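Here's the structure, in structure tokens; my notes come after.
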Amino acid sequence: MGLFDRVFRGSDEMYALAEKSVDETIKQLGSDAPVAFPNTAYFLACIYAYTGLKVTNLGELKAALTPIREMMTKEKRTQDIFTSGIATAMAAEAIEACKYAVSPTPYEEPYHGHMSDAEVRELGVPLVTQDIPGFVVMIGPAPSDEEAAKTIKSYQSKGIFVFLIGGIIDQAVRMGLNLGFPVRVVPVGPDLWSVGHVISLVVRAAMIFGNIQPNCYKEMNEYTFKRIFAFVNAYAPVDDMTVACGAGAIAMGFPVITNDTEDMWRVPKSLLIQENTEDFIETSLEARDIKIKVTDIDIPVSFSTAFEGEIIRRGNMRLEIDGSRKDCFELSRMRDAADVEDHKIELIGKDFDEFEPGSKICCGIIVEVAGKNMQTDFEPVLERKFHNYLNCAEGIMHTGQRDLIRIRVSNDAFDAGFRARHLGEILYAKVKNEYANIVDKCQVKIYTDPDEVKELRAEANKVYDYRDDRLLSLTDESVDVFYTCILCQSFSPSHVCIVTPERLGLCGAVSWLDAKATNELDPNGPCQVVTKKQVIDENLGAYADVNEAVMKYSQGALERVTLYSIMQDPMTSCGCFECICGIEPFSNGVIIVNREHTGMTPLGMTFSEMASMTGGGVQTPGFMGHGKHFISSKKFMKAEGGVQRIVWMPKALKDTVADKLNATAKELYGIDNFVDMIGDETIAEDPETLLNFLGEVGHPALGLDPMM
Ligand code: SF4
Ligand code: ZN
């Protein structure tokens, strides 16, 4: 029997299982019973992506089985094993969908099951910046528990996102690995058909970031091949259904690496037999052309973006640098070259092992840099990265910034030998590595002596104040140039952000100063200078220079954008926006919803559903993705009347932006405590209740000109 037969047999088996699940679930719940995965606007995403069918109930799911069956043709042509493979993934999704029809939470710990649209989007930025260079789907079990753990950790330390399916999950659990979305090792499900959730994530990424339309088979597979660096590791013995799914993976451009030799063919770059499972990683990375950034840092624990989301609980904490209780701060300063000795790391005060276990300690961290291209404006750009850098160390958790930092050191990290100096090693290595064009020399001073820290903290506060004043003076009018950011084009090929002092990138991670520093670092890189000499309409924020830049950097896909309007040529969105703003027609205003909010909005749509209309680098007047900081900007929807149009926001978001938004509303419109006039989910989740509330508080939007 050859590979073709194995694929066809596998797809037959999966189809039979799908049909059986659907029939049994219909018998139990009836054809009209709803079927949906939670927190997605893409229906059953695999079926939707490949057939265009919007399945919402079991009857429709049953009907969708027909086109799935039709894709499982049996001609012995290569093309046919690929379409059969994709159809097998769709059948797998149908089986999973039945589980969710019966219960909204069919999976228990450790299994993750379906991934939400928010989780798909969360991957956007790190995939773009190559912090996540790729995905692996490991279908197990591996030959031994030890090998499973070793391979998973090795992928993790390379930043590769890991999905686990089948017996390898039990192995990971037995070995005590830390699992979950935040640490980028997701145990999807115990059965092969849970692979449907991974394919669902991939096709949603293509629809969200690449604006790939449903039912475009060729475009979909081209996008996944070119933009998503995934691959599969399938441990022997591999059954026919796995082989069939593997054919689907290959159709999407994802190589399959296996140690099963029975009736397997080698297909260069696509189906690779590697009998030594310990070499899976190397073979996989080579097959998918994934290059791993090497950062050699002299610390006793692992270092990878995979550990960024790691949480260290009180019980597992050796000590804590706690800015809420003690004097603490972190600061980056520009110095003269003569005053910086490269790679000097100094500890002034006691080291970690000289404190009682469980202590909360004082700590000041000063990173001093010198360089020809360094500017004081770049100090906060570097400093803001400390958070990401320190978090990448396994067993170290960093939150907050400035003099409100909190750094936890886990018992494991301490036992491995992690000491104060290592914080410096991390900061030194990363700053030198990532800012090579700006930073020629770097030294780090770590203070743990309480008196000294207290004194230095007061000085640091002066620096923070100075920077805040400087930022306030940076307005769109006060600068001569804006910047493009096209980082997200690796996913959203036609998307361009225009970054201005008062409008940061929609991901929230790129401010005007960041863009300026990026341009300095890499003059031919993603952030290019955009002049603003040819004003078309100041109120709209329309400039001929901006339009030219957008036209050029979107390769002609986009002709015009305005900086300050949501209605007329609004800026496009890639998919990684922190928030979405959308018109609320009854109140004449807009609502804003942030990615973290999973509940309903008064537009009758969740964040996910609104996001599905906003991403992919296309303009959708009335909807706009943006960063959180933009909400309190004086340029927020300036063309339509500014912040006074905001009628609803989730409560948590309101709390985050309250101070600044109140200040803006007061300054521009003389409104006191504006945030109290804005609805939230505790006040209204439907337009009528919202409108009543707005009337009661006398919200200003009600008196403005209609937007449409
Ligand atoms: Fe992507 Fe825009 Fe953020 Fe740049 S600024 S990373 S293009 S979202
Ligand atoms: Zn993006």
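At a glance:
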{"quantity": "Residues of the stretch 78-98 with amide N under 16 Å of a point placed 7 Å along Cα→Cβ from Y217", "calculated": "78-91"}
{"quantity": "Reach of K516 by Cα under 17 Å, taken over aspartates and glutamates that are not fewer than 8 positions away in the same chain", "calculated": "D377, E379, E383, E434, D476, E477, D480, E502"}
{"quantity": "P(r) histogram, all alpha-carbon pairs of the stretch 3-287 included - 10 Å bins from 0, percent", "calculated": "7, 31, 39, 20, 3"}
{"quantity": "All aspartates and glutamates inside 15 Å of K62 as judged from Cα atoms, apart from same-chain residues fewer than 8 positions distant", "calculated": "E19, D23, E24, D32, E70, E93, E96"}
{"quantity": "For the stretch 3-287, share of DSSP beta bridges that run antiparallel, in % to the nearest 5", "calculated": "10"}
{"quantity": "Bridge type composition, the chain - antiparallel percent by DSSP, nearest 5", "calculated": "50"}
{"quantity": "Net charge over other residues, Cβ less than 14 angstrom from the Cβ of T261 (K, R count +1; D, E count -1)", "calculated": "-2"}
{"quantity": "For the stretch 73-191, share of DSSP beta bridges that run antiparallel, in % to the nearest 5", "calculated": "10"}
{"quantity": "Descending semi-axes in Å of the stretch 481-703, equivalent ellipsoid built from Cα gyration tensor", "calculated": "30, 18, 15"}
{"quantity": "The stretch 305-467, relative contact order [Cα under 8 Å, separation at least 6], %", "calculated": "38"}
{"quantity": "Distance between modelled label sites at V267 and K291, nm, 7 Å Cα→Cβ extension", "calculated": "2.8"}
{"quantity": "Distance violations [Cα-Cα > 23 Å] among K385/K638; K226/K432; K20/K99; K344/K372; K533/K634", "calculated": "K385/K638; K226/K432"}
{"quantity": "Student exercise, the stretch 481-703 dipole from Lys, Arg, Asp, Glu Cβ charges, in Debye to nearest 20", "calculated": "600"}
{"quantity": "Partners for K269 among aspartates and glutamates (Cα-Cα distance below 20 Å; same-chain residues under 8 apart left out)", "calculated": "D80, E222, D260, E278, D279, E282, E286, D289"}
{"quantity": "Integer Hz, Karplus 6.51/-1.76/1.60 couplings in order for the stretch 383-397, x for Gly and Pro", "calculated": "4, 5, 7, 3, 3, 5, 4, 5, 5, 6, 7, 5, x, 10, 10"}
{"quantity": "Kirkwood-based shape ratio for the chain, expressed as Rg/Rh from alpha carbons", "calculated": "0.98"}
{"quantity": "Cβ-based charge dipole, the chain, positive-most Cα from L471, G698, F329", "calculated": "L471"}
{"quantity": "Coil-residue trypsin sites (Lys or Arg not before Pro) of the stretch 528-562, DSSP, other Cβ within 10 Å capped at 14", "calculated": "K533"}
{"quantity": "Structure-based [θ]222 nm, the chain - -39500 (n - 2.57) summed over DSSP H runs of at least 4, per residue, nearest 500", "calculated": "-11500 deg cm²/dmol"}
{"quantity": "Cross-link table K350/K441; K350/K445; K552/K628, entries beyond 23 Å C-alpha to C-alpha", "calculated": "K350/K441; K552/K628"}
{"quantity": "Area accessible to solvent at V267, 1.4 Å probe radius, in Å²", "calculated": "60"}
{"quantity": "The stretch 316-362, relative contact order in percent, only Cα pairs under 8 angstrom and at least six apart counted", "calculated": "75"}
{"quantity": "Average accessible area per residue (Å²) across the stretch 305-467 - probe 1.4 Å, nucleic acids and ligands excluded", "calculated": "42"}
{"quantity": "Per residue accessible area of the stretch 481-703, 1.4 Å probe, in Å²", "calculated": "36"}
{"quantity": "Rel. contact order, % - alpha carbon contacts under 8 angstrom, at least six apart, the chain", "calculated": "10"}
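The values are calculated or read from the model by the stated rules, or taken from the named source; none is laboratory data. Owing to the predicted nature of the structure, the values given are computational and were not obtained by experimental measurement. In this analysis, Cβ positions are derived from the backbone assuming ideal geometry, glycine residues included, and neighbour counts consider all displayed protein chains. Please note that ligands, DNA and RNA were not included when accessible areas were found on the heavy atoms of the full protein model with its side chains. Shrake-Rupley method; radii C 1.70, N 1.55, O 1.52, S 1.80 Å.
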